[in-house]
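Student: Got a structure for you, written out below as structure tokens; questions coming shortly.
The values are calculated or read from the model by the stated rules, or taken from the named source; none is laboratory data. It should be emphasised that the depicted structure is a prediction, and the values quoted were computed from it without experimental measurement. Here the Cβ is made from the backbone with ideal geometry for all residues, glycine too, and neighbour counts use every protein chain on show.
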Amino acid sequence: MATFLYRLGRFAFRRRGLVTLLWVLIVFGVGAAASSAPTPPAEQFSMPGTESQKAFDLLEEKFPDAGAEGATARVVIRAPEGKKIADEKPAVDKLVGELGEAPQVGGVADPFTAHSVSEDGRTAYVVVSYEVAATELTDAAHDALTGATDRARDGGLTVEAGGDAVAVEQTASGTGEQIGVLISAVVLFLTFGSMIAAGMPLLTALIGVGVGVSAITALGSTLGLSATTSTLAMMIGLAVGIDYALFVVSRYRSEITEGRTPQEAAGIAVGTAGSAVVFAGVTVIIALAGLAVIGIPILTKMALAAAGTVAVAVLIAVTFVPALLGFAPRRVLRVADRRLVRTKKPLSARKQSRSEKKAAELAARTKPNLSTRWASFAVRHPLGVLLVAVVGLGALALPATKLELGLPGEGTMATDTTQRKAYDLLSDSFGPGFNGPLTVTVEGEDAAAAGDEVGEALKKTAGVDSVSGAVANKAGDTAILTVVPKTGPTDSKTEKLVMDIRAKASSLAASAGATEILVTGQPALFIDFSQTLSDALLPYLALVVGLAFLLLLLVFRSVLVPLKAALGFLLSVSAALGALVAVFQLGWGAGFFGVEQTGPIMTTLPIFMIGVVFGLAMDYEVFLVTRMREAYVHGTPARGAVVTGFQHSGRVVAAAAVIMISVFSGFIMETNDLVAMMGFGLASAVLFDAFVVRMAIVPAVHSLLGEAAWWLPKWLDRLLPNVDVEGEELQRRLGSAPPEAPLDTPEHERDLVH
């Protein structure tokens with residue numbers, strides 16, 4: 001692997017014009033395809049194999065007219081205090097008339113004839129049906145709806161609107177991401193001390209994200225990829241794209257500083273750091289692609305799209321980055337380092353003299369860098385560092401024990417939105433279960449009669465507020481009933497009601513002469529979704545962790561290192577979930593993070609976060625421990641290799657983590673709840689994993705294990721192929737390994753980069 005990538009890096013550096021041209025053609029080609037592609041579709045949520053999905057499919061087949069995909073709006077009207085809605089009939093009739101004359105409206109249900117007035121007579125709702133889907137509504141249609149409701153409010157009525165036809169108020173999108181990129185630029189400049197070196201990872205990452213997102217847009221209508229899919233791919237692709245390029249550029253600078261020729265340095269950088277990038281990227285891709293085993297199409301699409309963007313980031317890091325280095329081979333160094341390099345002979349043409357070695361040792365003794373000092377401290381006090389880190393992460397994970405899951409909806413929107421106000425008005429006037437009714441389908445030869453009998457039985461079921469009359473299709477073989485629970489959609493009592501109805505569905509069908517009874521609706525959908533995720537969690541973890549363990553086994557040729565990496569991941573993801581619950585569910589510090597409305601955590605988020613965080617956690621494990629193993633295989637003692645790894649990679653890994661945290665944090669300000677929670681969760685996970693697990697627990701554990709950390713049974717060593725990520729075989733072929741400080745004490749390591 002290292003030898004192949006070494007040749008690839010040299011080729012890209014030497015033929016930089018050709019490589020750059022190829023990437024430019026790819027960017028313009030994918031961009032042109034995206035610009036001519038149809039608008040991405042709205043998110044279509046489905047769960048094949050569940051009872052809810054089976055019922056939805058049955059309704060589309062048996063009631064095709066009712067299953068039309070036209071948008072709807074539910075306009076809620078409340079009379080002033082002390083009055084009834086009937087007293088305001090002229091104003092209500094005027095509102096209904098204006099709504100019916102609006103563009104793209106197919107029909108309006110008058111509340112007085114549709115019996116949609118509350119028992120106290122103060123509140124009513126109007127259902128507006130549109131001829132087109134929500135994504136096809138024009139600005140004129142949205143403006144007409146808003147204008148009609150505003151005029152009704154001016155007349156003294158309380159009017160709010162919900163439904164997919166109501167435009168979602170958008171805040172300034174993209175500002176957070178721009179701030180994240182700006183912080184990344186500052187961190188890169190402080191790390192490299194060169195504008196060109198700082199700009200290169202940003203440029204290549206933006207190009208990679210552009211290619212990935214443009215490809216998603218181009219394929220959006222064909223594969224059903226929504227706008228949310230693009231946003232998540234952008235979030236992950238931007239973060240890993242900057243980090244992957246950062247590690248290659250950093251290794252290139254290190255090799256140049258040691259006296260390599262630029263072309264040779266590019267080859268070695270791609271052969272060593274590039275190998276780590278490839279394996280880290282493959283780990284992220286495995287973690288994301290593994291989400292397909294869950295069997296939820298929307299989750300699979302988001303994961304595969306993000307995985308594709310990561311693959312593009314890896315390709316750019318090992319091809320385009322060395323090509324760009326060819327255009328500025330020495331300007332990526334600090335000014336002082338450039339002068340130093342000019343006075344050096346190429347490494348292949350000189351040998352380090354004793355005086356140079358003594359000078360290097362003296363410099364190392366007097367100016368150890370921060371990473372060296374911290375690693376030395378962790379190696380000297382491993383038990384204390386390990387205890388503080390584990391206890392701290394455990395404490396942060398405690399709020400995760402109160403985790404509540406839920407699906408997004410108008411009930412979780414900010415309280416100042418018209419959708420949330422309409423939701424609350426309906427709950428107050430028609431009962432908490434009105435916003436989450438159940439739909440019961442009854443199949444049989446005489447479905448109408450069977451449906452009526454089932455309805456009478458359901459009225460006697462505990463937790464049921466009301467049951468509508470059975471409505472049969474034209475063929476008479478299927479009927480539907482609407483069951484309104486006494487409790488809200490996310491209430492545990494509603495969940496129990498769904499389970500009770502399903503438990504006695506067979507006996508109800510037998511007594512009513514029906515062939516099958518199915519239950520669907522928002523509460524049933526949530527139950528099925530949660531069950532699907534629960535059933536898939538263990539197989540998913542077994543698949544992803546198993547494959548990643550094998551991959552890390554190949555990279556590090558050690559049994560304990562992959563095991564330690566997996567256990568560290570569990571700590572960091574648990575702490576991140578705890579922080580997520582604390583802020584978004586319990587409201588701790590919600591104002592500071594701009595969280596307007598607390599509530600349940602998105603049902604899809606924990607398992608999606610587990611997949612992404614696992615991949616990112618292995619990134620830092622690979623980047624940091626690869627340098628440690630590289631020192632170890634070149635003869636450095638086990639504990640000294642820990643410090644050597646931190647000496648060369650500690651500062652760069654820290655910079656990469658800060659960059660990734662900045663990028664993810666920028667998405668916290670998004671109006672999409674899933675994206676905002678994902679940004680916070682991933683930023684927290686990277687913070688805990690990079691600075692606590694990898695920077696504290698890893699050196700402490702390696703210090704305690706010593707030589708045993710690199711133990712591998714001989715029979716297994718013979719079976720495993722040698723992927724040579726640390727470049728040992730590559731160095732032998734080149735005939736000159738980088739000089740290693742011969743001192744045994746960790747403090748005496750020299751930092752050649754910084």
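Student: Scan the range 495-554 for residues that are of a type outside the set (Gly, Ala, Ser) and not in a helix (DSSP H, G or I) and report the count.
Tutor: 7
Student: Let me ask something else. Any idea how many residues of the range 280-295 are touching a residue at least 40 places away in the same chain (Cβ under 8 Å) and surrounded by fewer than 24 Cβ atoms within 10 Å (Cβ to Cβ)?
Tutor: Adding up the residues that qualify gives 6.
Student: For Leu674, all conditions in the list (1) touching a Leu at 6+ places or on another chain (Cβ under 7 Å); (2) aliphatic (A, V, I, L, M); (3) surrounded by fewer than 24 Cβ atoms within 10 Å (Cβ to Cβ); (4) under 30 Å from Met200 (Cα atoms) hold save one; what is the number of the exception?
Tutor: Going through the list (1) touching a Leu at 6+ places or on another chain (Cβ under 7 Å); (2) aliphatic (A, V, I, L, M); (3) surrounded by fewer than 24 Cβ atoms within 10 Å (Cβ to Cβ); (4) under 30 Å from Met200 (Cα atoms), Leu674 breaks only (4).
Student: Hey, another quick one. I'd like to know if the range 697-707 contains one or more residues that are polar (S, T, N, Q), touching a residue at least 60 places away in the same chain (Cβ under 8 Å), in a helix (DSSP H, G or I) and within 13 Å of Val379 (Cβ to Cβ).
Tutor: Scanning the range 697-707, I find at least one residue that is polar (S, T, N, Q), touching a residue at least 60 places away in the same chain (Cβ under 8 Å), in a helix (DSSP H, G or I) and within 13 Å of Val379 (Cβ to Cβ), so the answer is yes.
Student: Which numbered condition in (1) over 25 Å from Gly650 (Cα atoms); (2) surrounded by fewer than 24 Cβ atoms within 10 Å (Cβ to Cβ); (3) modelled with pLDDT of 90 or more is the only one that Thr309 fails?
Tutor: Condition (2) is where Thr309 drops out.
Student: Can you spot a residue in the range 576-585 that is in contact with a helix residue (DSSP H, G or I) (Cβ under 9 Å, 6 or more places away or on another chain), under 30 Å from Ala638 (Cα atoms), buried (at least 21 other Cβ atoms within 10 Å of the Cβ) and of a type in the set (Val, Ile, Thr)?
Tutor: Within the range 576-585 (the criterion being in contact with a helix residue (DSSP H, G or I) (Cβ under 9 Å, 6 or more places away or on another chain), under 30 Å from Ala638 (Cα atoms), buried (at least 21 other Cβ atoms within 10 Å of the Cβ) and of a type in the set (Val, Ile, Thr)), the answer is no, since none of the residues qualifies.
Yes/no per residue for (1) modelled with pLDDT of 85 or more; (2) surrounded by 15 or more Cβ atoms within 10 Å (Cβ to Cβ):
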site	(1), (2)
Val96	yes, yes
Gln104	yes, yes
Thr123	yes, yes
Glu136	no, yes
Val159	yes, yes
Gln178	no, no
Gly193	no, yes
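Student: Please go through the range 523-572 and give me each residue that is farther than 30 Å from Val440 by Cα and among the hydroxyl-bearing types (Ser, Thr, Tyr), ordered by number.
Tutor: Tyr540, Ser558, Ser572
Student: Among what's in the range 537-564 and is free of Cβ contacts under 8 Å to residues at least 60 places away in the same chain and either touching a helix residue (DSSP H, G or I) at 6+ places or on another chain (Cβ under 7 Å) or more than 13 Å from Val625 (Cβ to Cβ) (or both), pick the residue that is surrounded by the fewest Cβ atoms within 10 Å (Cβ to Cβ).
Tutor: It comes out as Leu538.
Student: Here's another thing I want to ask about it. Do we find a residue being more than 17 Å from the chain's Cα centre (by Cα), part of a helix (DSSP H, G or I), among the polar types (S, T, N, Q) and modelled with pLDDT under 85 anywhere in the range 244-252?
Tutor: No, every residue in the range 244-252 fails to be more than 17 Å from the chain's Cα centre (by Cα), part of a helix (DSSP H, G or I), among the polar types (S, T, N, Q) and modelled with pLDDT under 85.
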